[in-house]
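Some notes on the structure that comes next.
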Amino acid sequence: MASIWVGHRGTVRDYPDFSPSVDAEAIQKAIRGIGTDEKMLISILTERSNAQRQLIVKEYQAAYGKLKDDLKGDLSGHFEHLMVALVTPPAVFDAKQLKKSMKGAGTNEDALIEILTTRTSRQMKDISQAYYTVYKKSLGDDISSETSGDFRKALLTLADGRRDESLKVDEHLAKQDAQILYKAGENRWGTDEDKFTEILCLRSFPQLKLTFDEYRNISQKDIVDSIKGELSGHFEDLLLAIVNCVRNTPAFLAERLHRALKGIGTDEFTLNRIMVSRSEIDLLDIRTEFKKHYGYSLYSAIKSDTSGDYEITLLKICGGDD
């Protein structure tokens with residue numbers, strides 16, 4: 001299994017013989033001509049890494065103006081949202097997704113949970129910085145005003161980007177933490193939620209894996225069953241998401257994609273976010289898990305659920321049929 005943090009399992013890679021000025025000019029022609037040359041736009045923006053796209057954005061701005069504005073002015077609907085996402089720096093993209101999750105009536109807790117549980121500490125720090133730059137408000141303040149209780153506490157802990165990222169595991173600590181979780185939940189009347197938050201939101205993934213094994217030894221129960229029995233609401237959803245990510249992040253994201261693509265209407269907000277944000281990290285693994293769990297490929301699911309240029313772009317990012 002590829003390391004969850006290192007992006008060697010993406011579908012999008014650096015384009016060889018890359019020239020930002022040549023690409024910027026080609027994009028400008030594609031947009032400025034009579035009618036848009038969508039094929040050209042799609043082939044350039046899906047075949048360059050995000051770092052390369054940022055260089056194109058710079059070149060474009062120096063020569064023609066803001067690429068994002070031109071894309072918005074020229075395209076529409078889900079296709080426009082996806083193309084704009086592709087030219088947005090990852091941390092800014094995540095910051096905007098978080099803002100959208102908290103805007104207006106009702107909060108999209110699923111999106112908040114998904115972003116905050118699948119990003120590394122380094123990424124979270126970058127996202128918080130981007131959030132402040134774009135909105136002149138701290139991410140923590142917005143989370144605080146939009147959520148409450150133990151759910152809020154856990155989200156704020158994750159948003160802080162303080163999760164240990166070392167790959168070293170400490171067996172003694174795993175035994176100790178498992179004991180603390182057991183005492184905080186199964187072994188008492190009522191639950192000590194803070195202990196769950198502390199351990200699940202701050203320990204490294206490899207460390208938590210070991211802790212969950214130790215937990216089963218002590219309690220004869222899987223941590224998932226204990227969380228379901230002890231906790232409720234969005235706080236329960238968040239902790240279960242962490243456990244699922246610890247065990248298999250690509251499978252967790254495959255499940256999210258499956259939900260976004262099945263049933264009536266497509267959840268483009270989730271679909272775009274996962275496809276774009278994981279395209280250089282672990283989309284190959286997500287595809288594998290998708291096929292394994294649902295019996296058909298992510299590629300075919302996208303094909304049957306989307307259409308037009310939007311479909312073509314998503315399939316290019318998907319990178320192939322399994």
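The values are calculated or read from the model by the stated rules, or taken from the named source; none is laboratory data. From a predicted model like this one, the values you see are computed outputs, not experimental measurements. Cβ: placed from backbone, ideal geometry, glycine included. Neighbour counts: every protein chain shown. SASA here: full protein model, heavy atoms, side chains in, ligands and nucleic acids out. Shrake-Rupley method; radii C 1.70, N 1.55, O 1.52, S 1.80 Å.
Hey, what's segment 139-282 come to in accessible area per residue, 1.4 Å probe, Å²?
Working: 6300 Å² over 144 residues.
Value for segment 139-282: 44 Å² per residue.
Quick check: convex hull of the Cα atoms in segment 205-247, volume per residue, rounded to a whole Å³? Please report the intermediate quantities before stating the final value.
Numbers: hull volume 2.4 nm³, N = 43.
Value for segment 205-247: 55 Å³ per residue.
Roughly speaking, what is the centre-to-centre gap between segment 264-278 and segment 58-111 when only Cα atoms are used, to the nearest Å?
Distance between centres, Cα-based: 13 Å.
Want the number for residue 269 to residue 66: 0.36 nm per residue separation, take away the alpha-carbon distance, what's left? Could the numbers behind the result be given before it?
On the way: separation 203, 0.36 × 203 = 73.08 nm, distance 2.35 nm.
Length difference between fully extended and current span is 70.7 nm.
What does a probe at residue 37 reach in segment 49-66, counting residues whose amide N is under 17 Å from the point 7 Å along Cα→Cβ?
60, 64
Beyond 19 Å, what percent of the Cα pairs of segment 114-168 remain?
Working: 401 of 1485 pairs.
More than 19 Å apart: 27 percent of the Cα pairs in segment 114-168.
Regarding segment 70-125, what's the average projected area of the Cα-atom convex hull, expressed in nm²? Write down the numbers at each step before the final one.
Details: hull surface 18.4 nm².
Reported value for the Cα convex hull: 4.6 nm².
Output the 0 to 90 degree angle, nearest 10, between the alpha-carbon long axis of helix 308-318 and the longest principal axis computed from the alpha carbons of the chain.
Between the helix axis and the principal axis of the chain, the angle is about 50 degrees.
So what are segment 144-234's ellipsoid semi-axes, whole angstrom, largest first, if each one is the square root of 5 times an eigenvalue of the alpha-carbon gyration tensor? Each step should come with its number before you reach the end.
On the way: eigenvalues 90, 68, 17 Å².
So the equivalent ellipsoid measures 21, 18, 9 Å along its semi-axes.
Provide the packing ranking of 112-118, 93-99, 261-267, i.e. peptides ordered by the mean count of other C-beta atoms within 10 Å per residue, highest first. Before the final figure, lay out each step's value.
Details: 112-118: 23.7, 93-99: 21.7, 261-267: 12.4.
Ranking, from highest mean packing down: 112-118, 93-99, 261-267.
What percentage of all Cα-Cα pairs in the chain are separated by more than 33 Å?
Details: 15510 of 51681 pairs.
Counting pairs separated by more than 33 Å, the tail of P(r) holds 30 percent.
Can you return the lysines within cross-link range of residue 316? Criterion is Cα-Cα under 19 Å, with same-chain partners fewer than 8 residues away left out.
39, 291, 303
Could you look at segment 126-264 and say what percent of its accessible area is carbon and sulfur, using a 1.4 Å probe and all protein chains?
Details: 3190 of 6720 Å².
The value for segment 126-264 is 47 percent carbon and sulfur by accessible area.
Return the ratio Rg/(2.2 N^0.38 Å) for segment 200-282, where Rg is computed over Cα atoms only.
On the way: Rg = 14.9 Å, N = 83, 2.2 N^0.38 = 11.8 Å.
In units of the 2.2 N^0.38 Å rule of thumb, it is 1.27.
Run lengths n ≥ 4 of DSSP H only: what is the helix-derived mean residue ellipticity at 222 nm for the chain, with -39500 (n - 2.57) per run over all residues, to the nearest 500?
Numbers: 19 runs with 229 residues, N = 322.
The helix-only estimate for the chain comes to -22000 deg cm²/dmol at 222 nm.
Under a straight-distance cross-link criterion of Cα-Cα below 20 Å, which lysines are reachable from residue 221, leaving out those fewer than 8 residues away in the same chain?
175, 183, 195, 209
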